[in-house]
Amino acid sequence: MTLRVAVVGSGPAGSCAAETLAKAGIETYLFERKLDNAKPCGGAIPLCMVSEFDLPPAIIDRRVRKMKMISPSNREVDINLINEEEYIGMCRREVLDGFLRDRAAKLGANLINATVHKVDIPGNNTDPYTIHYVDHTGDGAQGVTKTLKVDLIVGADGANSRVAKDMGAGDYNYAIAFQERIRLPQDKMDYYNDLAEMYVGDDVSTDFYAWVFPKHDHVAVGTGTMHINKARIKQFQTGIRARASEKLAGGEIIKIEAHPIPEHPRPRRVVGRIALVGDAAGYVTKSSGEGIYFAAKSGRMCAEAIVEAANGGARIPTERDLKVYIKRWDKKYGLTYKVLDILQNVFYRSDATREAFVEMCDDMDVQKLTFDSYLYKTVVPANPFTQLKITAKTIGSLIRGNALAP
């Protein structure tokens with residue numbers, strides 16, 4: 001018997017899962033609806049991802065070493081990375097995703113340009129799953145309807161996951177991201193050479209932040225908000241354009257993008273022999289909105305659990321085997337998600353608390369803890385004195401925020 005695994009979706013989660021499976025010699029099918037897909041995304045990745053996933057320098061458009069936090073009252077706090085070798089990588093998703101997808105295919109994954117429409121669930125624990133899809137490989141505009149039988153499925157098909165729906169994974173709350181790509185005059189582009197900006201305030205988002213992130217030859221200007229406020233997303237985009245108007249003067253919009261973003265993990269991430277990863281599983285952090293690294297990591301961790309249980313592809317892993325990946329994931333990152341959820345609930349509630357948030361970012365201890373956890377995905381607890389200092393500063397900032405808020 002040869003184990004057959006279908007990975008639906010070839011973003012960072014799906015491609016990294018397919019790469020790991022293909023390396024292990026498992027028969028892997030990687031489905032992608034649009035091979036030139038460019039997901040609306042700020043595109044920031046932590047430094048550790050570059051080495052951990054062996055990303056070449058060409059993937060990184062900009063090496064950001066300066067962040068500017070801008071409060072509702074337009075107070076600006078500059079955050080600079082001290083170590084010259086450290087940076088936040090800025091990528092275009094079409095470039096990053098294309099590289100990871102092609103690498104998985106070169107290692108042996110069978111790449112299928114197709115739209116998956118339905119998954120037939122077998123009535124027992126041994127019969128295969130049947131994937132119904134439309135193959136877009138040919139010249140026909142409608143594509144060709146086909147089916148494929150597999151033993152396991154990895155759902156990596158994003159926030160609107162077809163796989164999650166068919167497996168009964170349950171719903172989750174989600175946000176909407178809206179982004180414009182703007183090509184700036186050279187002098188304006190030079191300003192953003194190694195600088196990214198984050199804006200907070202009710203004018204740019206009632207529950208998130210807005211951003212200006214530099215890319216290869218343009219900047220990504222966007223905002224996000226919970227889906228209950230989605231009717232106001234263009235109003236918030238107008239807000240960030242107004243706040244950054246002087247820096248964006250003379251810019252030309254070259255692309256407009258929008259996409260849902262999950263706000264917490266789905267109720268069920270493994271059902272039977274189907275596992276969800278990336279956005280399909282709900283692995284986007286609150287507060288920061290980070291998802292690329294966690295998507296790639298979840299895809300790899302899920303595939304590693306499959307490889308371990310598969311005995312060289314001769315054994316079909318069970319639901320219990322797949323849930324090993326969930327246990328490892330929650331143990332490694334569960335606290336990170338909870339902490340960032342608390343931070344969003346505390347600091348994104350009002351313009352007063354947002355003022356406090358930006359004020360806190362001016363503290364060097366806060367900056368060090370923040371960047372250490374972001375760049376390397378490891379948190380080194382501060383000593384008791386530093387922890388006490390940060391707690392006191394947080395309380396003081398929250399009190400002063402009410403006076404500073406517009």
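The values are calculated or read from the model by the stated rules, or taken from the named source; none is laboratory data. Quick caveat: nothing in here was measured; it's all calculated off a predicted structure. Glycine gets a Cβ as well: all are built from the backbone with ideal geometry, and neighbour counts include every protein chain shown. Surface areas here come from the heavy atoms of the whole protein model, side chains and all, with no ligands, DNA or RNA. Shrake-Rupley method; radii C 1.70, N 1.55, O 1.52, S 1.80 Å.
Taking every DSSP bridge with both residues inside the stretch 1-91, close to 65 percent are antiparallel. Taking 7 Å steps out from each Cα toward its Cβ at Ser73 and Arg268 produces label points 5.1 nm apart. The protection proxy used here, the mean number of other Cβ atoms lying within 10 Å of each residue, ranks peptides 195-203, 254-262 as follows, highest first: 195-203, 254-262. Across the stretch 1-151, the mean sequence separation of Cα contacts (distance under 8 Å, 6 or more residues apart), normalised by length, yields a relative contact order of 27 percent. When the pairs Lys286/Lys377; Lys39/Lys331; Lys286/Lys331 are compared against a 22 Å limit on Cα-Cα distance, Lys39/Lys331 fall above it. Look at the dipole of the stretch 1-85 built from charges on Cβ: of Gly14, Leu3, Ser73, the Cα furthest out on the positive end belongs to Ser73. With 0.36 nm allotted per residue and the present C-alpha distance subtracted, the Ile228-Lys34 stretch has 67.0 nm of extension available. In the structure shown, the pairs Lys23/Lys297; Lys188/Lys368; Lys215/Lys338 are assessed against 24 Å; a Cα-Cα span above that value is assigned to Lys188/Lys368; Lys215/Lys338. If both residues of a DSSP beta bridge must be in the chain, then about 70% of such bridges are antiparallel.
Once you have the Cα-Cα distance between Thr238 and Asn124, take 0.36 nm times their residue separation minus that, and quote the gain in nm to one decimal.
35.8 nm
Of the solvent-accessible surface of the chain, computed with a 1.4 Å probe over protein heavy atoms with every protein chain present, carbon and sulfur atoms account for 53 percent.
Whole number in Å², please: accessible area per residue of the chain, 1.4 Å probe, ligands, DNA and RNA not counted. Could the numbers behind the result be given before it?
Working: 17820 Å² over 406 residues.
Using a 1.4 Å probe on heavy atoms only, each residue of the chain averages 44 Å².
Using every pair of distinct Cα positions in the chain, the Kirkwood expression returns a hydrodynamic radius of 22.1 angstrom. When the chain is treated as a GNM with alpha-carbon contacts under 10 Å, the residue of Met301, Met364, Met226 showing the greatest mean-square fluctuation is Met364.
Phi angles across the stretch 268-284 convert, under the Karplus curve 6.51 cos²θ - 1.76 cosθ + 1.60 with θ = phi - 60°, into 3J(HN,Hα) values of 10, 9, 9, 9, x, 10, 10, 10, 9, 9, x, 4, 4, 7, x, 8, 10 Hz, Gly and Pro given as x.
Considering only Ile261, Leu322, Phe357, and ranking their Cα positions along the charge dipole of the chain that arises from unit charges at the beta-carbon of Lys, Arg, Asp and Glu, the one farthest toward the positive end is Leu322.
The angle separating the long axis of helix 292-310 from the principal Cα axis of greatest extent in the chain is about 30 degrees.
Helix 319-347: angle to the longest alpha-carbon principal axis of the chain, degrees 0 to 90, nearest 10? For helix 319-347, the angle is close to 20 degrees. Computed over the stretch 231-342, the P(r) curve from all C-alpha pair distances, binned at 5 Å from the origin, holds 2, 10, 16, 17, 13, 11, 9, 8, 5, 4, 3, 1, 0 percent per bin. Here is the P(r) of the stretch 1-91: all C-alpha pair distances, binned every 5 Å from 0, give 3, 11, 16, 16, 16, 12, 9, 7, 5, 3, 2, 1, 0 in whole percents. Taking every alpha-carbon pair in the stretch 125-263 and binning the separations at 10 Å intervals from zero gives 11, 29, 23, 20, 14, 3, 0 percent.
Using unit Cβ charges (K, R positive; D, E negative) and no other charged atoms, how large, in debye to the nearest 20, is the dipole of the chain about its Cα centre?
Numbers: 54 positive and 51 negative charges, 161 e Å.
Roughly 780 debye for the chain.
What's the magnitude of the charge dipole for the stretch 102-195 around its Cα centre, counting Lys and Arg as +1 and Asp and Glu as -1 at the beta-carbon? Answer in Debye, nearest 20.
Details: 10 positive and 13 negative charges, 25 e Å.
Roughly 120 debye for the stretch 102-195.
About its Cα centre, the dipole of the stretch 189-279 is roughly 640 debye, where the only charges are +1 on Lys and Arg Cβ and -1 on Asp and Glu Cβ. Annotation: amide H of Ile112 within the under-5 Å range of Leu30, Phe31, Glu32, sequence separation 5 or more or interchain, hydrogens built in the peptide plane.
Rounded to the nearest 500, what is the 222 nm mean residue ellipticity of the chain from helices alone, with -39500 (n - 2.57) per DSSP H run of 4+ residues and division by all residues?
-12000 deg cm²/dmol
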